[in-house]
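The values are calculated or read from the model by the stated rules, or taken from the named source; none is laboratory data. Small disclaimer: the values here were computed from a predicted structure and weren't measured. All Cβ positions, glycine included, derive from the backbone under ideal geometry; neighbour counts span all protein chains shown.
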Amino acid sequence: MGRLRYKRIGVMGGTFDPIHNGHLVTAEEAWKQFRLDLVLFVPSGHPPHKEDRRSLDAENRYLMTVIATANNPHFQVSRMEIDRPGPSYTIDTIRELHRVYGKNTEIFFITGADAILEILTWKDPERILEECVFIAATRPGYDLRRLEESLPETERARHATDPRVLVMEIPALAISSTDIRRRVSEGRPIRYLVPEGVWEFIEKNGFYR
Ligand code: NAP
C-alpha cells in the first residue's frame with residue numbers, strides 16, 4: 001500500500017528486446033530531471049505495431065528487465081502489459097496506473113521519440129495527452145519538427161506554455177536493441193552495452209543467435 005504515496009511516476013515503456021544501458025541512462029536522467037518518485041519499467045506484452053517481427057517472448061524480456069534494474073532503489077518493473085491479454089496499448093496502461101495510484105498522481109510516459117510519434121498518430125491523441133506527459137528520449141541530432149508536427153491542433157496552442165511532450169536528448173541512446181541483436185547474431189561482443197547480468201542471461205540461454 002506504501003506505493004500509493006507516489007505523486008510523480010515515470011513509466012518506461014518499451015519492448016526491451018533486450019534492455020540495454022541506453023534505456024537505464026534514460027530512466028535515471030528522467031528520474032533526476034523531472035524529480036520523479038519512481039520509474040516503473042513496463043515491458044510490452046504484445047506490441048501492437050510489431051506484427052512483422054517476432055520479439056523474444058515476453059517472459060524473458062521481463063526477466064532481463066528485472067535483472068537490469070534490480071540494484072536501483074527507485075526502479076521497479078511491472079508485469080501489467082505482459083499479463084494483459086491482447087495488444088499493449090499505452091492508453092490502457094496509463095488508465096490502469098491511474099486506477100492503482102489515484103487520479104492525482106502525475107504520470108510521465110518515457111519512451112523513444114519515434115514510438116511517441118506512433119502513439120500520437122493513433123486515435124484520440126487529445127485524450128492521452130490529458131492523462132500523461134510524454135518524455136521523448138532521442139539520440140542527438142533527432143529532427144524535433146516531426147514531433148511538433150504530430151501534435152493535435154488543440155495541443156499546438158498549449159505547447160508553448162504547458163507542453164505535454166518534452167524532449168530529452170540522451171547520447172547513450174547510440175546503443176540500440178537492434179544493434180545488440182545483430183551483434184549477438186554475428187558473434188560480436190555486447191559486454192558493457194548491457195548490464196553484466198543481462199549479458200550473462202543472453203549468453204546462457206543462447207538468445208539472438
Ligand atoms: P520501437 O518502435 O521498437 O522503438 C522506437 C525507438 O524508440 C527505437 O529507437 C527504440 O530503441 C527507442 N525506445 C523504445 N523504448 C524506449 C525507452 N523506453 N527509452 C528510450 N528509447 C526507447 O518502440 P517499442 O519499444 O515497441 O515501444 C515503445 C513504447 O511505446 C512501448 O511501451 C509501446 O507499447 C508503446 N507504443 C504504443 C503504441 C500504441 O499504444 N498504439 C504504439 C507504439 C508504441 P530500442 O530498440 O533500442 O529500444
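Okay, here's what the table says:
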read-out	value
Of all residues in the range 106-123 being modelled with pLDDT of 95 or more and farther than 17 Å from Leu24 by Cα, the one that is farthest from the chain's Cα centre (by Cα)	Glu106
Residue ID - modelled with the lowest pLDDT, chosen from residues in the range 124-167 that are of a type outside the set (Phe, Trp, Tyr), over 20 Å from Arg8 (Cα atoms) and within 12 Å of the ligand (Cβ to nearest atom)	Asp124
Val184 being in contact with a strand residue (DSSP E or B) (Cβ under 6 Å, 6 or more places away or on another chain) and either loosely packed, with under 13 Cβ neighbours inside 10 Å or not in a loop (DSSP other than H, G, I, E, B) (or both)	no
All positions within the range 9-43 that are part of a strand (DSSP E or B), without any contact (Cβ under 8 Å) to a residue 60 or more places away in the chain and within 17 Å of Arg61 (Cα to Cα)	Leu40, Phe41, Val42, Pro43
When residues of the range 94-123 are limited to those that are within 12 Å of the ligand (Cβ to nearest atom) and part of a loop (DSSP other than H, G, I, E, B), the one surrounded by the fewest Cβ atoms within 10 Å (Cβ to Cβ)	Lys123
